[in-house]
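Written below as structure tokens is the structure these notes are about.
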Amino acid sequence: MTELVTFDQLNDFFEDTDEKIIEPYVEYLNDVMSFYEINNKERISMFLAQVGHESGGLRTIKENLMYSADRLKVIFPKYFRGVDPSAYARNPEKIANRVYASRMGNGDEASGDGYRYCGRGLIQLTGKSNYQAFATDMNMSLEEATEWLKDPEGATWSAGWFWDSRELNQWADKGDVLTVTKKINGGTIGLKDRQEHYEAALEIFG
């Protein structure tokens, strides 16, 4: 294993995360970053900044969809027009099945694909099409890949795969947090936090 980052560096960067959570990621992150050539200060810092934001400091590898009715109207306004959001509030399965229905390769709301292929991994891989593409490149069945995404190792590899599939090293080399964020998030949600993570990472992984 090429050691691009150490446990001490990761522990410093993910300062609010328990050491026991961080420990297994040392090997996985080094393997994945080496494989996908996330191997200089700018790339490592950008990757870990985005991972840090997306996963809540490695503590979450599945999308949190425990939204209240009021938050649903703010986060997913177009999916709850003319629909009572209280019927979906605090029910991650129902929420995912509605907001991810009939897009990203998913079936309709009744199919259950929205929740089955909700955001997983250190960079939230979402939608059946993305899951299938990941599975194909990992030489796995869709079912195997879906299960692997629930594991820290698979969660890390999916983040590296997503990063590489969107060719984000080129933007990391330029220190372009905005473009990387848009390509990961589809917008600019959490941009300030991602920028702060990036600046901290440059100090730690320089």
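The values are calculated or read from the model by the stated rules, or taken from the named source; none is laboratory data. Remember, it's a predicted structure, so these values are computed and weren't measured experimentally. No Cβ is skipped: glycine too gets one built from the backbone with ideal geometry, and neighbour counts run over all protein chains shown. SASA here: full protein model, heavy atoms, side chains in, ligands and nucleic acids out. Shrake-Rupley method; radii C 1.70, N 1.55, O 1.52, S 1.80 Å.
Here are some notes:
- A run of the chain free of exposed loop cleavage sites, with GluC sites (Glu not before Pro) counted only in DSSP states other than H, G, I, E and B and at most 14 other beta carbons within 10 Å, reaches its longest extent at 38-166.
- Mean separation of Cα contacts under 8 Å, 6 or more apart, over the residue count of the chain: relative contact order %: 25
- Of Lys78/Lys183; Lys41/Lys62; Lys20/Lys78; Lys94/Lys183; Lys73/Lys182; Lys41/Lys182, those spanning more than 32 Å from alpha-carbon to alpha-carbon: Lys20/Lys78
- Protein accessible area in region 114-194, 1.4 Å probe - carbon and sulfur %: 46
- Helical content of the chain, expressed as a calculated mean residue ellipticity at 222 nm, amounts to -16500 deg cm²/dmol (DSSP H runs of 4 or more residues, -39,500 (n - 2.57) each, divided by residue number, nearest 500).
- In whole percents, the pair-distance distribution calculated for region 51-157 from its alpha-carbon pairs, binned every 5 Å from zero, is 3, 13, 21, 22, 20, 12, 7, 2, 0.
- Near Asn39, once Lys and Arg are set to +1 and Asp and Glu to -1 for all other residues with Cβ below 14 Å from its Cβ, the sum equals -4.
- Pairwise FRET efficiency - Ser68 versus Lys182, Cβ, R0 = 35 Å, nearest 0.05: 0.80
- Binned Cα-Cα distance frequencies in region 124-206 - 5 Å width, integer %: 3, 13, 21, 21, 18, 13, 8, 2, 0
- Value of Rg to Rh for region 1-105, rounded to two decimals, is 1.13; Kirkwood radius and Rg both from alpha-carbon coordinates.
- When the Cα gyration tensor is reduced to axis lengths a ≥ b ≥ c, the ratio a/c is 1.5 or higher for region 9-53, and with a/b not above b/c it is classed as oblate.
- In summary, the convex hull built on the alpha carbon positions of the chain has an orientation-averaged projected area of 11.2 nm².
- Per residue value of the accessible surface for the chain (all protein chains in place, 1.4 Å probe), Å²: 49
- Among Pro85, Ile123, Val32 - extreme Cα towards positive end, dipole of region 1-141, charges at beta-carbon: Pro85
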